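What follows is a short report on a single structure.
The values are calculated or read from the model by the stated rules, or taken from the named source; none is laboratory data. This one's a predicted model, so the numbers in the text were calculated from it and none came from an experiment. Backbone-built Cβ (ideal geometry, glycine too); neighbour counts: all protein chains shown. Ligands, DNA and RNA are excluded from the accessible area calculation, which covers all protein heavy atoms including side chains. Shrake-Rupley method; radii C 1.70, N 1.55, O 1.52, S 1.80 Å.
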Amino acid sequence: MKDALFECRHLVKRYGDSTVVDDLSFAIGPGECLGVIGPNGAGKTTTIRMCLGLTAPDAGSITAFGLGMPRDALAIKAQLGVVSQMDTLDPDFDCAENLLVYGRYFGLPSATVRERVPQLLDFASLAHKAHAKPGELSGGMKRRLSLARALVNNPRLLLLDEPTTGLDPQARHLMWERLQMLLQQGKSILLTTHFMDEAERLCTRLLVLDHGRKIAEGKPRDLIAQHLEPDVVEVYGQGALALAHAEEHAALRGLAARVEVSGETVFFYTAQAMPLLAALSEHHHLRTLHRPANLEDLFLKLTGRQIREDG
Ligand SMILES: Nc1ncnc2c1ncn2[C@@H]1O[C@H](COP(=O)(O)OP(=O)(O)OP(=O)(O)O)[C@@H](O)[C@H]1O
Ligand SMILES: [Mg+2]
């Protein structure tokens, strides 16, 4: 990428015998929201930790804002904001103090930070909680305080590791709105998430990681169009699984390009849903859901349907 703000080339990280980040290259451009998605243990957090200089890569290079890691780590970190996967708020300080103390780490003048604190609390919809300690906040409020804290140094690029995990739908929508505001202000974002709707909604570009490797990269809509048939018919209910296997249903399966089973649901991927829906309508005991293919279908196709306990 010609005008990249941040670029990783051929990053490798090993723990013992296992390679948890494997020849990973990506770049983030100005104003871009790059999403990193992948199963548990895929290497998302490890990648962010390398980007922050918290753990050293075994190979590869990281450059940002025209500077290089690890030589210019301090100057790079001065322009980064980070929300880590686990909240790291100081439980002994109230919300305002958490922001003040964090601002001091960057060596910002005290007057500058004091001026920013009310603005940041306001941005996080936490003005009324300025003197509450993190332990008194809801999960959504804590995540918003973490985001406000990440903005204390007015960073150009935010690294957000699962900023909405554990939040209820309202809290997630509020977080999305705030992230959109930051993008509109011209900030760049790298975001990891397990919510495919979040990735599709916020991210201009996506990296799909599996076992530390990049297995796909592109705009969400382009990736879906490249890898999937446009329509999905989900079928569940008594006898649904037989549709995926039984000889007598071979003709029905022939109406789809691909048939997959997950749990008790059969997924038919097709470019022509109508004949399939007509055939299914004869099976009165079955329930069907017809919808466009989405990012979750892509994720499951590329990374498989089995559960990852760990990498
Ligand atoms: N300090 C460490 N020592 C040994 N192994 C580690 C260490 N940190 C991470 N790993 C391993 O590296 C792999 C990648 O972990 P990582 O936390 O980067 O995954 P992730 O994609 O962020 O997963 P999740 O979606 O669950 O947050 C995992 O197998 C993990 O067990
Ligand atoms: Mg992680």
Note to self: Can you find a residue that is in contact with a His (Cβ under 8 Å, 6 or more places away or on another chain), open to solvent by 50 Å² or more (accessible area, probe 1.4 Å) and more than 16 Å from ligand 2 (Cβ to nearest atom) anywhere in the stretch 23-32?
What the structure shows: yes
Scanning the stretch 82-130 residue by residue, those charged (D, E, K, R), open to solvent by 60 Å² or more (accessible area, probe 1.4 Å) and outside any helix (DSSP H, G or I) turn out to be Asp87, Asp92
(1) over 21 Å from Met196 (Cα atoms); (2) open to solvent by 40 Å² or more (accessible area, probe 1.4 Å) all hold for Ala279 apart from (2)
Only one of (1) part of a strand (DSSP E or B); (2) more than 16 Å from ligand 1 (Cβ to nearest atom); (3) basic (Lys, Arg) does not apply to Arg149, and that is (1)
Pairs returned, first residue in the stretch 22-50 that is part of a strand (DSSP E or B), second residue that is of a type in the set (S, T, N, Q) and within 9 Å of ligand 2 (Cβ to nearest atom), beta-carbon separation under 6 angstrom, 6 or more apart or interchain, are Val36/Thr192
Exactly one of Arg156, Arg149 is among the basic types (Lys, Arg), out of contact with any Asp or Glu (no Cβ under 9 Å at 6 or more places or on another chain) and open to solvent by 60 Å² or more (accessible area, probe 1.4 Å), and that residue is Arg156
From the option list Pro134, Pro155, Pro163, Pro109, single residue qualifying as assigned by TED's automatic domain parsing to the domain that holds Gln79 and within 16 Å of ligand 2 (Cβ to nearest atom) is Pro163
Is the stretch 10-28 home to any residue that is modelled with pLDDT of 95 or more and closer than 23 Å to Met181 by Cβ?
yes
Going through the stretch 163-189 in order, the residues found to be within 10 Å of the chain's Cα centre (by Cα) and more than 24 Å from Val117 (Cα to Cα) are Thr165
Counting only residues that are open to solvent by 40 Å² or more (accessible area, probe 1.4 Å) and either more than 11 Å from Glu229 (Cβ to Cβ) or within 31 Å of the chain's Cα centre (by Cα) (or both), the stretch 261-276 contains a total of 7
